[in-house]
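Accompanying notes for the structure given below.
The values are calculated or read from the model by the stated rules, or taken from the named source; none is laboratory data. Computed from a predicted structure; not experimentally measured. Positions of Cβ are generated from backbone atoms using ideal geometry, with glycine treated the same way; all protein chains shown enter the neighbour counts. Note: areas computed on protein heavy atoms with side chains; ligands, DNA, RNA excluded. Shrake-Rupley method; radii C 1.70, N 1.55, O 1.52, S 1.80 Å.
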Protein chains: 2
Amino acid sequence: MDQVKINLEEHEIPKQWYNLAADLPTPMLPPVLPDGTVLQPQMLEAVFPRNLIDQEMSRERWIDIPEEILDILYRWRPAPLRRAVYLERYLKTPARIYYKDESVSPSGSHKTNTSVAQAWYNKQFGIRRITTETGAGQWGTALSFACHLMGIECKVYMVRVSFDQKPMRKTLMNLWGAQCVASPSPDTHAGRAILKEMPDTPGSLGIAISEAIEDAVSDKSGRTRYALGSVLNHVLLHQTVIGLEAKKQLAKVGIKTPDIVIGCAGGGSNFAGLAFPFTQDKIHGAKIDIIPVESAACPKMTRGEFAYDYGDVAGMTPLLPMHTLGHKFVPLPVHAGGLRYHGMAPLVSQAVVEGLMRPYAANQVESFEAAITWARTEGFVIAPETSNAVACVIKEAVKARDEGKEKVILFNLSGHGLLDLHGYEKYLSGNLEASCAPDEEIRRSLAQIVRTPEAPLRRTGRW
Amino acid sequence: MDQVKINLEEHEIPKQWYNLAADLPTPMLPPVLPDGTVLQPQMLEAVFPRNLIDQEMSRERWIDIPEEILDILYRWRPAPLRRAVYLERYLKTPARIYYKDESVSPSGSHKTNTSVAQAWYNKQFGIRRITTETGAGQWGTALSFACHLMGIECKVYMVRVSFDQKPMRKTLMNLWGAQCVASPSPDTHAGRAILKEMPDTPGSLGIAISEAIEDAVSDKSGRTRYALGSVLNHVLLHQTVIGLEAKKQLAKVGIKTPDIVIGCAGGGSNFAGLAFPFTQDKIHGAKIDIIPVESAACPKMTRGEFAYDYGDVAGMTPLLPMHTLGHKFVPLPVHAGGLRYHGMAPLVSQAVVEGLMRPYAANQVESFEAAITWARTEGFVIAPETSNAVACVIKEAVKARDEGKEKVILFNLSGHGLLDLHGYEKYLSGNLEASCAPDEEIRRSLAQIVRTPEAPLRRTGRW
């Protein structure tokens, strides 16, 4: 019997986060304002605490993880690295498939790695209340948990359609003492205006972001800030503990570098968390195929552009240099709600532009097929987002079989699907669609991107 | 920082199950028929495969775990042993609280330990189809998974009220290829008769058992058998891997025997799995307080009798020597559905009678309070059943604090509560009741127990 689980002892947990910005061959482009001027850090101070802004701007390669954050992480970290021997046997592949299991966290996904760090830094800065938005509820749940531990109030604006469809996510947030309201809500100017105009709107992530930011910046006491669960540099930084642990675990079974590294990518944080430490190796010469897997319903890397674009639908944020489908792009309603974001983290986008990563887009049917195969071999029910990564894993493992190559494939199992079984139900009853974004829709949305003269627009499409 | 997680490597997994029947000071009483004659093994052959009947009757102390079963268990075993340092700090207790985490299995509870073993033995015996009943769905899910791996057909009769209220459990069963029908169903004589009489009945575990057994024994090909998820000796045997692992893990942090061992007890299997290996030590002189925690809604050990009684409501099974409230007892509808069983496993009952165990009954409100405290300190959402064990853990840890004693408490986290969040929702909104069984109800039910002259009736009540 081959070894299935590779443990890491607590004393082996990484003590520093890894910052890819320090190693990218070309320096990162800065965020800019719509007039093209470079964003100054102090402009973000109403939104984020200064210590997290510093981290966002940092070009230091290694950043110490405070002892107090490690003390929280020990609840579920180091996370297991497992070998998917049962899937390997089923596929009859000579490839060895390893995966980090981030579903073991209290909130059931990787999101908790950054929520506890963000809550801690906010607490250090004297913040007493944090606002955020959540779509399917993974991020809202993770932040609620973290705020509870810090004694910080938490208010989550949850997209109304999810609020109504996934009441159990709200229960989890309440369990950890957070307030969760359906967005649009009557609690903000933005919410009230939209409710007046469209009383029956199902809401959107864009609206929820607007409400959460307005709530944070309008607190006159200065003790409220906003938190984001992906996209930004400091969020990706906090996730690198995943890849750093994986490296130590692979070393225990004699693997220095895997041949292929795979993660699903919505805003990019779970993928980056696993992939960045290996991207560093690749920059220094290692031969690794690093694959961010997006949803074919929201194919910003494979069919979008690398451009300056807004992070939110309403255009309230600075312009970020990233792969985007245009900030007003409305993806088809795939069950992988976490992959329905129009943009990609600037750090991941830059790495893609540099040729360090090779994006792949999986459609909803191949993803759920993969998830079913996973549940019937490995036994675990994965999140719809994660299923996109597994679709790519299976594709690569089959390719390795057909080519007779003993490749090592590593991927991130970003979360479990126990609160997302509705999508499985639909797949099993034959009512699920592939849901690929229509060409026309993408063309129309890309045409709306504000093209700032200062932003070097580089079309992707090397692959 | 104290060590939170104690890993066990794969090669350290126990290779044998432990059979407490070999060590009990007084030999076990046999199952009997209503006329008082002792049940002969062959009488069970229409219901269970011969190899499992042999295991049921065995008095061997150690029984080898087949290599093929270990190969399945490696998906999630060895399971982690963790120390609840965050709860300890919150309670300011000098007690050290350790727990086995059985929620990490594919189906989310300890049930999978026996479902894979039972499916494997059925397969060895040439069985092609297994029927069973399920209440809340944990057992049906676990058996579906196991049957899928063995290529055995599986049909689950699910109590109708749960079938309607917990559709996601059915999705899980379908995902693993099982057929799940609401019970009473039109598929059996028993089901049709009840539907004719009470078309709107919410169903009961008793009815579902009747349907599943009828289905199994009426297959003329002889290739269908029935499977049970708790109570019987062989089921408890398969769970002892939990306690045997825990022993090895405690030894790694220098603990030979814990002072207190706790598990929730419905039919008794998760409790027995953890407790039996320590009960062996206690028989040989170790000083351990071993506590099965039942629901105050179904207090068979603390307020029932030790007597011969039927295992099912309809009276189809042989009479088992056990703690019971009477086989027609209808417990209040607590969310801990797995604890709503009128009887207790004969092996556990006998150990209680011998004074080796000290039962405790937790009410629903103290249990959910404990579950909320657990989620807000340790971070994980536990099953309503498990919350009864945690209520007792907290009580003992507080007592250790008040007495200034550095006790070691070990308990079994039998399952997660991610598919049972409805109970949490009710608790948080203040709509949950303590749900203790009324005296009058218990008296009435106990009066109905058939008192076989051959059965030595011993009233419990040493505590």
remark   = Scanning region B:443-463 residue by residue, those at pLDDT below 85 and of a type in the set (Gly, Ala, Ser) turn out to be B:455, B:461
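Would you call residue A:97 more than 9 Å from chain B (Cβ to nearest Cβ), among the β-branched types (Val, Ile, Thr), at negative phi and not in a strand (DSSP E or B)?
Criteria not met by residue A:97.
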task = Give just the number: which of (1) of a type in the set (S, T, N, Q); (2) open to solvent by less than 20 Å² (accessible area, probe 1.4 Å); (3) touching a residue at least 40 places away in the same chain (Cβ under 8 Å); (4) closer than 19 Å to residue A:413 by Cα does residue A:132 not satisfy?
result = (4)
Subset tally (residues that are within 30 Å of residue A:286 (Cβ to Cβ) and in contact with a strand residue (DSSP E or B) (Cβ under 6 Å, 6 or more places away or on another chain)) for region A:215-237 = 1
query = In region B:145-174, what count of residues is obtained for those that are without any contact (Cβ under 8 Å) to a residue 12 or more places away in the chain and either touching a Phe, Trp or Tyr at 6+ places or on another chain (Cβ under 7 Å) or open to solvent by less than 10 Å² (accessible area, probe 1.4 Å) (or both)?
reply = 1
Residue check for residue B:294: among the acidic types (Asp, Glu), open to solvent by less than 20 Å² (accessible area, probe 1.4 Å) and more than 14 Å from every other protein chain (Cβ to nearest Cβ) = yes
message = Quick check on residue B:164: is it over 24 Å from the mean Cα position of the chain (by Cα), away from chain A (no Cβ under 14 Å) and of a type in the set (Asp, Glu)?
response = no
request  = Residue by residue through region A:175-195, note down the ones that are open to solvent by 10 Å² or more (accessible area, probe 1.4 Å) and more than 14 Å from chain B (Cβ to nearest Cβ).
outcome  = A:181, A:182, A:186, A:187, A:189, A:190, A:192, A:193, A:194, A:195
query = Could you say which residue among A:60, A:88, A:67 is open to solvent by 10 Å² or more (accessible area, probe 1.4 Å) and either at pLDDT below 95 or under 24 Å from residue A:147 (Cα atoms) (or both)?
reply = A:67
key: Single condition residue B:314 does not satisfy, out of (1) at pLDDT below 95; (2) surrounded by fewer than 22 Cβ atoms within 10 Å (Cβ to Cβ); (3) within 19 Å of the chain's Cα centre (by Cα)   = (3)
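For region B:338-394, how many residues meet the condition of being in a helix (DSSP H, G or I), more than 14 Å from chain A (Cβ to nearest Cβ) and under 19 Å from residue B:138 (Cβ atoms)?
Going through region B:338-394 one residue at a time, the tally reaches 10.
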request  = Return yes when residue A:50 is open to solvent by less than 50 Å² (accessible area, probe 1.4 Å), basic (Lys, Arg) and either more than 11 Å from chain B (Cβ to nearest Cβ) or in contact (Cβ under 8 Å) with a residue 40 or more places away in the chain (or both) and no when it is not.
outcome  = no
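Given the condition assigned to a loop (DSSP other than H, G, I, E, B), among the aliphatic types (A, V, I, L, M) and open to solvent by less than 10 Å² (accessible area, probe 1.4 Å), answer yes or no: does some residue in region B:211-229 qualify? Show your work before the answer.
Here is the first cut: in region B:211-229, the ones assigned to a loop (DSSP other than H, G, I, E, B) are B:218-223, B:227-229.
Now restrict to residues that are among the aliphatic types (A, V, I, L, M): B:227-228.
Still in the list and also open to solvent by less than 10 Å² (accessible area, probe 1.4 Å): B:227.
Checked against the condition, which is being assigned to a loop (DSSP other than H, G, I, E, B), among the aliphatic types (A, V, I, L, M) and open to solvent by less than 10 Å² (accessible area, probe 1.4 Å), region B:211-229 yields at least one hit.
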query = Any residue in region B:101-112 that is assigned to a helix (DSSP H, G or I) and more than 14 Å from every other protein chain (Cβ to nearest Cβ)?
reply = no
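Is it the case, given these coordinates, that residue B:96 is open to solvent by 10 Å² or more (accessible area, probe 1.4 Å) and farther than 26 Å from residue B:227 by Cα?
yes
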query = in contact with a helix residue (DSSP H, G or I) (Cβ under 9 Å, 6 or more places away or on another chain) and modelled with pLDDT of 95 or more: does that describe residue A:378?
reply = yes
message = Condition check: in the same structural domain as residue A:206 (by TED's automatic domain parsing), open to solvent by less than 10 Å² (accessible area, probe 1.4 Å), under 26 Å from residue A:165 (Cβ atoms) and assigned to a helix (DSSP H, G or I). Does residue A:119 satisfy that?
response = no
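Could you pull out the residue among A:369, A:433, A:403, A:440 that is modelled with pLDDT under 95, open to solvent by 40 Å² or more (accessible area, probe 1.4 Å), of a type in the set (D, E, K, R) and farther than 16 Å from residue A:323 by Cβ? Outline the logic, then answer.
On the way: A:369 fails: modelled with pLDDT under 95; A:403 fails: modelled with pLDDT under 95; A:440 fails: modelled with pLDDT under 95.
Residue meeting the stated conditions: A:433.
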task = Mind listing just one residue for me: the one in region A:406-424 that is modelled with pLDDT of 95 or more and open to solvent by 40 Å² or more (accessible area, probe 1.4 Å) and, of those, nearest to residue A:393 (Cα to Cα)?
result = A:407
query = Which fully enclosed helices (runs of 4 or more DSSP H) of region A:1-91 have 2 or more residues being aromatic (Phe, Trp, Tyr)?
reply = A:85-91
query = Across region A:135-144, what is the number of residues that are open to solvent by less than 10 Å² (accessible area, probe 1.4 Å) and either at pLDDT 95 or above or assigned to a helix (DSSP H, G or I) (or both)?
reply = 5
